[in-house]
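Have a look at the structure below, then the notes.
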Amino acid sequence: MSKNLIIITGPTASGKSTVAKLLCKKYKKCVRLDIDRIKHFVETGFKYDNSVEGKRQWNLCAENVIFLTKNYLKNDYTVIIEGVLGSIVDIKEWKMIFKELKPKYKFLLFVNKNQLNLRNKMRDKKVQLTRKDIDRHFSKFSSEFYKNYFEVIENNNLTETVENIYGR
C-alpha cells in the first residue's frame, strides 16, 4: 500500500516501543499504532489464548489496526505499527494485515535471551514478564514465520537500529 508504513515486532523488551517512538520523531507527520493500546481498548474480558473467543478478539484487534492504518495513510501520515499481535502460536492476524496493507517494511527486533531478561528486569513491575513468558516470546519470534516474513534486526544499539530503519 505505501512506503509510509513500517511494522515493528519482536519479543518483549526487544525495544519495539523505544525504536518506534524515536523513529516517529524523524517524520513530519507520524502515527505510532501500539498494538497493546489497541488491544486494551477492551477494558475487561480480553482472552490471550487460542480459544474461539481469544481468536475472535485477536482478529478484531487486527481489523482495527488495518482500519486505523488506512485512515492515517489516506491523510498523509507515516504509520508505524508496533507490538505483538496474536496468540503465541497463531500468525493469521499478521497475514491479514500483510494482505490488506501490503507493507514494504516489516522488522523483527531481536536480542539474545540474556539481554531480554536484563531489559525485562529494568521495566516497570506492572509490565514485566516472567522468565517462562520470555522463553515463550523468544521461541515464538524464533519461528520460521517470523524469519520468513520480517527482516530481522539485532537491536543491540538503539541509535543504529533507528538509523537502519529510517535509512530505507
**OP:** Give just the number: which of (1) crowded, with 16+ Cβ neighbours inside 10 Å; (2) part of a loop (DSSP other than H, G, I, E, B); (3) not basic (Lys, Arg) does Ile38 not satisfy?
**Re:** (2)
**OP:** Collect the residues in region 139-158 that are out of contact with any Ser or Thr (no Cβ under 7 Å at 6 or more places or on another chain), within 24 Å of Leu22 (Cα to Cα) and either part of a loop (DSSP other than H, G, I, E, B) or modelled with pLDDT under 85 (or both), keeping them in residue-number order.
**Re:** Asn156, Asn157
Subject >> Val84 vs. criteria touching an Asp or Glu at 6+ places or on another chain (Cβ under 8 Å), among the hydrophobic types (A, V, I, L, M, F, W, C) and over 30 Å from Lys29 (Cβ atoms) >> reply: no
**OP:** Check Lys47, Lys74, Lys25, Lys29 and return the single one that is under 25 Å from Arg136 (Cα atoms) and more than 14 Å from the chain's Cα centre (by Cα).
**Re:** Lys47
**OP:** Say whether the condition of being in contact with a helix residue (DSSP H, G or I) (Cβ under 9 Å, 6 or more places away or on another chain), assigned to a loop (DSSP other than H, G, I, E, B) and at pLDDT below 95 is met by at least one residue in region 53-72.
**Re:** no
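The values are calculated or read from the model by the stated rules, or taken from the named source; none is laboratory data. Nothing here was measured: the structure is a model prediction, and the numbers come from that model. Glycine gets a Cβ as well: all are built from the backbone with ideal geometry, and neighbour counts include every protein chain shown.
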